[in-house]
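Here is the structure we will look at, set down as structure tokens.
The numbers here are math on the coordinates, done by the rules we state, and not lab data. As the structure is a computational prediction, the values presented were derived from the model and not from experiment. All Cβ positions, glycine included, derive from the backbone under ideal geometry; neighbour counts span all protein chains shown.
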Amino acid sequence: MQTVADHWIKLGIEQGIEQGIEQGIEQGIEQGIAQGLREAVLDNLLVRFEDVPVDIMERINTVSDVERLRYLRRQAILVENLQEFTDELFSGA
């Protein structure tokens, strides 16, 4: 026979597991969005400027903030040259 304490412990564990799963899903979605944005930034730069130095690619791949990546995606389209983008990329570190 299950005691009241055992019931509450089991319920607490189940709720903890559910919360953990939800947080894991949210983090996975956020990471997926960030990865897609990083790829979009790099793709835009490659289409516009053909050759992108490795240090710029590596720096873009270190950015995890989704809003920053959205900004960089727009900048990759709007800047007049690669140096202007590079200045934006390294100024917002």
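The table below lists the values:
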read-out	value
0 to 90° range, to nearest 10: angle between helix 82-91 axis and the chain longest Cα axis	40 degrees
Principal-axis tilt of helix 4-49 within the chain, Cα atoms, nearest 10 degrees	10 degrees
Within the chain, helix-based [θ] at 222 nm, where runs of 4 or more DSSP H residues each add -39,500 (n - 2.57), nearest 500	-28000 deg cm²/dmol
Within a Gaussian network of the chain (alpha carbon springs, distance under 10 Å), most fluctuating of ILE29, ILE60, ILE21	ILE21
Karplus-derived HN-Hα couplings along region 56-65 (A = 6.51, B = -1.76, C = 1.60, θ = phi - 60°), whole Hz, x at Gly and Pro	6, 4, 5, 5, 4, 6, 8, 7, 10, 6
Peptides ranked, highest mean first, by Cβ atoms within 10 Å: ranges 61-67, 40-46, 3-9	40-46, 61-67, 3-9
Reduced Cα scattering model of region 7-91, Debye log10 I(q)/I(0), q = 0.24 Å⁻¹	-1.09
